[in-house]
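Contents: one structure, followed by commentary.
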Amino acid sequence: MRVITEVSERVVETPSTVTLRFRYTPPAGPGQFVMIWIPGDDELPMSLSYTGEPKGVTIKAMGTTSRNALSMPAGTLVGIRGPYGNRFDLSPRRILVVGGGSGTAVLAPAAEAAVRGGSRVVAALGATTAPELLFVGRMKAISESVEVSTDDGSLGHHGFVTDLSQRLLAQQPFDAVWTCGPEIMMRKVISAAKERGVPVFCSMERQMKCAMGMCDACALGPYHVCTDGPVFPADRLMAIPEFGHTKRDSSGRRVPL
């Protein structure tokens, strides 16, 4: 059932991302997503970047609807339904979090929940340029260490976040890796972790229209991201030929990533 609620706060995080906070009482776990309806426009699937009250989503400008959502002021009424999907398993005691761009949005509340449960977190965060790095301060507040990379070298390591993850995996023991970002990035993270025997869990993004596994828009191999995910163990993903290579567009056609 959709609930109409008011955007209570709008926070500009980076030049291309905005967080919208809202009151929505159904309980949610780290990794789950909600469907946000913008009256007169469309519905967006959004991972929760804040799972407590007030909840929140962090939106990156991608298409017309997401750009419209970015400009919504506090006080705007939106429709929310969910939460949907599975969650991150918080049982690993030492976790490497690898976020690429806006992928950090879903990893931050998961890392916070893990630390509250007694786990220890190390984070590697990447972006194209320094102003686009997301939630660095938030992750520093709960992590043993946070390292950043930028494609253009404007802050931290000049290169990709996969370089950082590979080095951290070689230097320190981890029970699990959590990652979200471009699929090509996640494939490289998986390969580096596999060499060390560390399990990887990926938060996936796909077209999601119904969020109930009925419309087939988010089909990924034999799975539906909305009901079987969005958090998947890496071995499932690596067995799917399209992972890291193709996705479905809004019409359902497979297109290259």
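Cross-link partners among lysines for K60, C-alpha distance below 30 Å, same-chain residues fewer than 8 apart left out?
Within the straight-line limit of under 30 Å, K60 reaches these lysines: K140, K188, K209, K247.
What number, rounded to the nearest 500 deg cm²/dmol, is the helix-based mean residue ellipticity at 222 nm of the chain, given -39500 (n - 2.57) per DSSP H run of at least four residues and division by all its residues? Please list the in-between numbers first.
Values: 7 runs with 59 residues, N = 257.
Taken over the chain, the calculation gives -6500 deg cm²/dmol.
Within the P(r) computed for the range 94-256, what percentage of the Cα pairs occupies the region above 28 Å?
Cα-Cα pairs of the range 94-256 separated by over 28 Å account for 21 percent.
Given the peptides 122-133, 159-170, 234-245, arrange them by the average over their residues of other C-beta atoms within 10 Å, most packed first. Before the final figure, lay out the partial values.
On the way: 122-133: 22.5, 159-170: 20.0, 234-245: 16.0.
Per-residue Cβ counts within 10 Å, averaged per peptide and sorted highest first, yield 122-133, 159-170, 234-245.
Can you give the local net charge around V18? Use residues other than it whose beta-carbon is closer than 12 angstrom to its beta-carbon, Lys and Arg +1, Asp and Glu -1.
After counting each charged neighbour, the total is +2.
Which whole-angstrom value gives the distance between the alpha carbon centres of the range 55-93 and the range 128-163?
Distance between centres, Cα-based: 22 Å.
Lone cysteines in the chain, defined as no other cysteine's Cβ under 4.7 Å from theirs: which are they?
Flagged as lacking a Cys partner: C180, C202, C218, C226.
Could you tally the net charge around E132, taking each other residue with its Cβ under 13 Å from the Cβ of E132, Lys/Arg +1 and Asp/Glu -1? Mind showing how you got there, number by number?
Values: positive: K60; negative: E13, D151, D152.
Its environment carries a net charge of -2.
Bear in mind that the values in this text are calculations on the coordinates, not laboratory data. Because the structure is a prediction, the values reported are computed rather than measured. Note that we place each Cβ from the backbone using ideal geometry, even for glycine, and neighbour counts take in every protein chain shown.
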